[in-house]
1. Could you count how many residues in the stretch A:95-121 are crowded, with 23+ Cβ neighbours inside 10 Å and either assigned to a loop (DSSP other than H, G, I, E, B) or within 14 Å of another protein chain (Cβ to nearest Cβ) (or both)?
2. Just give me the residues in the stretch A:27-41 being touching a residue at least 24 places away in the same chain (Cβ under 8 Å) and outside any loop (DSSP other than H, G, I, E, B), in sequence order.
3. Looking at residue A:55, is it closer than 28 Å to residue A:197 by Cα, part of a helix (DSSP H, G or I) and in the same structural domain as residue A:209 (by TED's automatic domain parsing)?
4. Check the stretch A:38-53 and report whether any residue there is within 21 Å of residue A:173 (Cα to Cα), within 12 Å of chain B (Cβ to nearest Cβ) and buried (at least 20 other Cβ atoms within 10 Å of the Cβ).
5. If only one of A:181, A:199 is crowded, with 18+ Cβ neighbours inside 10 Å, in contact with a helix residue (DSSP H, G or I) (Cβ under 9 Å, 6 or more places away or on another chain) and within 14 Å of another protein chain (Cβ to nearest Cβ), which one is it?
6. Out of curiosity, is residue B:66 touching a strand residue (DSSP E or B) at 6+ places or on another chain (Cβ under 8 Å), part of a loop (DSSP other than H, G, I, E, B) and either more than 11 Å from chain A (Cβ to nearest Cβ) or farther than 24 Å from residue A:87 by Cβ (or both)?
7. Going by the structure shown, is residue A:13 closer than 28 Å to residue B:59 by Cα, at pLDDT 95 or above, in contact with a strand residue (DSSP E or B) (Cβ under 7 Å, 6 or more places away or on another chain) and within 13 Å of another protein chain (Cβ to nearest Cβ)?
8. When you check residue A:181 against the structure, is it touching a residue at least 12 places away in the same chain (Cβ under 8 Å) and in contact with a strand residue (DSSP E or B) (Cβ under 6 Å, 6 or more places away or on another chain), yes or no?
């Protein structure tokens with residue numbers, strides 16, 4: 001009998017509001033410690049939290065985009081636990097009436113599609129940050145992050161393996177960035193996920209006991225942590241013991257998961273309605289307005305690129321896979337009549353560089369503006385395609401402005417045909433034996449002459465023009 | 001409600017019960033719960049749960065940063081802090 005894996009994900013997406021969920025504190029990342037802390041974030045006596053409407057609007061966009069139910073009346077509860085980076089001793093969250101319920105999202109793994117249902121997506125506040133390794137015998141607490149709005153997106157336990165889990169996380173990340181509700185930056189912790197993993201015999205109806213893997217923040221680690229955990233649980237059960245329901249921490253250096261909490265400290269969060277906050281109501285008008293202003297989603301973009309711009313399906317898929325790339329495509333397309341050329345560069349050279357460095361387009365030095373200039377210079381024949389490749393490589397390394405690179409390196413394509421004719425004549429004169437061989441029927445040698453002219457001009461000649469000129473001289 | 005539950009709750013809420021008082025507190029809590037339990041006699045199956053006794057809905061904020069940098073003042077009122085952080089006894093090994 002084989003083992004079957006059942007996985008559910010809880011994704012925390014930091015909503016890209018300017019201020020916190022219940023206070024006017026700033027949510028900006030990377031500030032000096034404890035400079036973005038309001039009295040409400042501190043949980044000082046006598047303060048009253050007031051909900052940030054924008055966080056609701058952003059959560060609703062997610063709900064609409066996943067075909068979910070929107071609870072126009074939603075309320076807040078307290079989740080009680082003690083930890084130094086949670087100043088109030090409770091986290092305000094939505095337990096009983098979340099803003100979003102029952103949505104779904106499509107994932108693609110190895111070319112086959114699967115729908116993953118989303119149980120709920122609720123608003124809650126983030127905790128602060130504990131710094132354990134900076135001070136002898138003490139933990140430092142930075143409350144800048146305390147109170148930042150999070151959307152916790154909970155999937156049904158319908159994910160069957162590590163690959164699907166990664167595909168699901170990627171699909172959610174793609175969606176929230178397209179919706180402009182979260183920047184998707186995993187390195188800065190804007191998206192984190194907890195993974196619930198259990199195993200069962202394939203004919204068992206009931207789910208096995210699950211372990212929760214906490215706070216994983218990269219695609220690679222999701223996959224590794226799940227695969228490690230599946231192996232561990234199989235070993236535990238096959239040795240006659242049983243899996244304990246617990247929280248485990250994934251250690252990426254050792255590639256293992258470890259139990260995080262001792263058994264006697266069983267979790268009991270004693271949820272109850274937050275008496276400080278009244279139910280928040282979203283009017284029909286507000287809801288309609290959010291509906292009307294939903295941006296174009298990845299799948300819609302993909303279809304439009306194929307139908308209206310005639311891109312290949314594979315090209316459209318790659319370009320619409322990230323918001324940044326889709327923006328680059330659309331902006332650069334305004335600089336040329338040839339949108340297919342833009343697609344060719346993104347899917348070809350740019351994607352190749354991304355794969356080589358194993359990075360995301362957001363992490364590269366290439367900006368939308370600079371890419372637009374590059375396309376413009378190819379389109380108006382300032383530079384040849386070959387030179388453009390080397391310019392792109394230079395941008396990739398330094399992030400310098402395309403026009404500046406072209407100017408300082410003197411890469412402008414030689415337009416003057418008389419100059420090219422001069423060079424071509426010289427090449428022909430200095431290679432008499434090749435000329436004889438070519439005229440004697442060795443057609444392939446034509447490429448040799450083109451190559452020589454390109455070499456003389458350091459690639460700055462338009463190959464088509466060189467072809468024409470050489471044909472004139474030789475034939 | 002038994003002695004074990006009382007010990008668990010007191011741990012979770014970080015409230016210390018004086019030695020020898022567990023019995024009395026358990027008994028008192030039992031009485032309180034029995035009293036409140038009378039509410040369960042009312043049939044509420046067709047009634048929406050109440051999240052707040054005020055029949056009002058929340059006012060909300062627009063998304064603006066209004067907080068000032070209170071770092072110095074806030075760190076000063078903490079039992080222990082340095083120039084950047086609140087300090088607490090180390091919470092991990």
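The values are calculated or read from the model by the stated rules, or taken from the named source; none is laboratory data. Quick caveat: nothing in here was measured; it's all calculated off a predicted structure. Neighbour counts are summed over all protein chains in view; Cβ atoms, including those assigned to glycine, are modelled from backbone coordinates with ideal geometry.
1. 2
2. Result: A:40, A:41.
3. No, not satisfied.
4. No.
5. After ruling out the rest, the residue left standing is A:181.
6. no
7. So residue A:13 fails the test.
8. Spelling it out, it is not the case that residue A:181 is touching a residue at least 12 places away in the same chain (Cβ under 8 Å) and in contact with a strand residue (DSSP E or B) (Cβ under 6 Å, 6 or more places away or on another chain).
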